[in-house]
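*Asks:* The structure's right below; bear with me while I get my questions together.
A short reminder: the numbers here are calculations on the coordinates, not readings from a lab. Bear in mind the structure is a predicted one, so any value in this text is a computation, not a measurement. Backbone-built Cβ (ideal geometry, glycine too); neighbour counts: all protein chains shown.
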Amino acid sequence: MNRPDAAYWIDRLQLIGHVEGGSYREMYRSPHLIPPEGLPAGFHQKRSLSTAIYFLLEHNQFSAFHRIASDELWHFYFGDPLEIIEIDPVNGSLLITRLGANPEGGEVFQALVKAGQWFGSRVAGTGKYALVGCTVSPGFDFDDFELADRAALKSLFPQHGAVIDSLTR
């Protein structure tokens with residue numbers, strides 16, 4: 001069997017466009033809910049214990065810088081390596097993690113993005129696409145999602161202007 005292309009996975013997994021870029025499909029939303037008083041500060045409504053999605057980025061796409069109120073665990077499934085680029089909101093440090101199947105090449109199968117971190121992603125190098133998964137706990141809700149404004153993010157972290165330009169719209 002030849003390696004499937006991105007269109008195969010988009011069709012097979014019934015992925016749809018995501019506001020941050022790429023394609024996704026929610027595969028799991030826990031029916032168990034955490035009440036607001038059981039959640040960390042910043043949450044104002046109940047949340048599922050966890051959620052999980054498939055996420056696919058093609059070489060000409062990127063996941064724009066954004067942040068969410070929950071921890072997000074990324075999982076590599078298929079394709080080419082994916083770079084997850086984070087900016088720590090406290091100290092301004094930049095972290096690039098390569099999600100992929102080549103540990104000898106510095107890639108990892110799973111990576112954690114902590115709640116509140118600014119982050120985006122893109123297919124590494126000349127790769128065609130990356131098929132990954134994301135598990136969020138407490139569960140994802142668009143009320144907890146903030147898409148970065150390019151000018152505002154650059155004013156906070158001018159030392160990362162080039163990467164901010166490349167991962168914002």
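*Asks:* Per the helix-only calculation at 222 nm, which mean residue ellipticity applies to the chain, given -39500 (n - 2.57) for every DSSP H run of n ≥ 4 and division by its residues, nearest 500 deg cm²/dmol?
*Replies:* Values: 3 runs with 20 residues, N = 169.
Roughly -3000 deg cm²/dmol at 222 nm, from the helical runs in the chain.
*Asks:* Now a separate question. For Lys128, go through the aspartates and glutamates and keep the ones whose alpha-carbon is under 12 Å away, minus same-chain ones fewer than eight residues off.
*Replies:* Asp5, Glu58, Asp80
*Asks:* Hey, got the dipole for segment 57-169? About the Cα centre, +1 on K and R Cβ, -1 on D and E Cβ, debye to the nearest 20? Intermediate values should be presented prior to the final figure.
*Replies:* Numbers: 8 positive and 15 negative charges, 62 e Å.
The dipole of segment 57-169 has a size of about 300 debye.
*Asks:* In a GNM of the chain with a 10 Å cut-off on Cα contacts, which of Val108, Val19, Val90 has the highest mean-square fluctuation?
*Replies:* Val90
*Asks:* At a Cα cut-off below 24 Å, give the lysines reachable from Lys154, other chains included and same-chain residues fewer than 8 away excluded.
*Replies:* Once the sequence-local lysines are set aside, what remains near Lys154 is Lys114.
*Asks:* In addition: Using a Gaussian network model on the chain with a 10 Å cutoff between Cα atoms, which of Ser50, Ser121, Ser93 fluctuates the most?
*Replies:* Maximum among the listed residues: Ser93.
*Asks:* I need to check one value: relative contact order of the chain, counting alpha carbon pairs closer than 8 Å and at least 6 residues apart, in percent. Can you show the working numbers first?
*Replies:* On the way: 386 pairs, mean separation 45.0, N = 169.
Value for the chain: 27 percent.
*Asks:* Here's another thing I want to ask about it. Can you give the alpha-carbon Rg of the chain over 2.2 N^0.38 Å, where N counts its residues?
*Replies:* On the way: Rg = 16.0 Å, N = 169, 2.2 N^0.38 = 15.5 Å.
Dividing the Cα radius of gyration by 2.2 N^0.38 Å gives 1.03.
*Asks:* Moving on. For the chain, set up a GNM with springs between Cα atoms under 10 Å and report which of Pro40, Pro89, Pro81 has the largest fluctuation.
*Replies:* Comparing Pro40, Pro89, Pro81 in the GNM, the peak value goes to Pro40.
*Asks:* Report the paramagnetic label zone for Ala101: residues of segment 1-23 whose backbone N is under 15 Å from a point 7 Å from Cα along the Cα-to-Cβ axis.
*Replies:* Flagged as within label range: 1-6, 9.
*Asks:* Considering the dipole of the chain built from charges on the beta carbon (Lys and Arg +1, Asp and Glu -1) around the Cα centre, which of Gly120, Gln14, Gly106 is farthest to its positive end?
*Replies:* So the residue we want is Gln14.
*Asks:* How far, in nm, would the chain grow between Asp11 and Thr126 when pulled straight, counting 0.36 nm per residue and subtracting the alpha carbon separation?
*Replies:* Working: separation 115, 0.36 × 115 = 41.40 nm, distance 2.30 nm.
Separation in residues times 0.36 nm, less the Cα-Cα distance, equals 39.1 nm.
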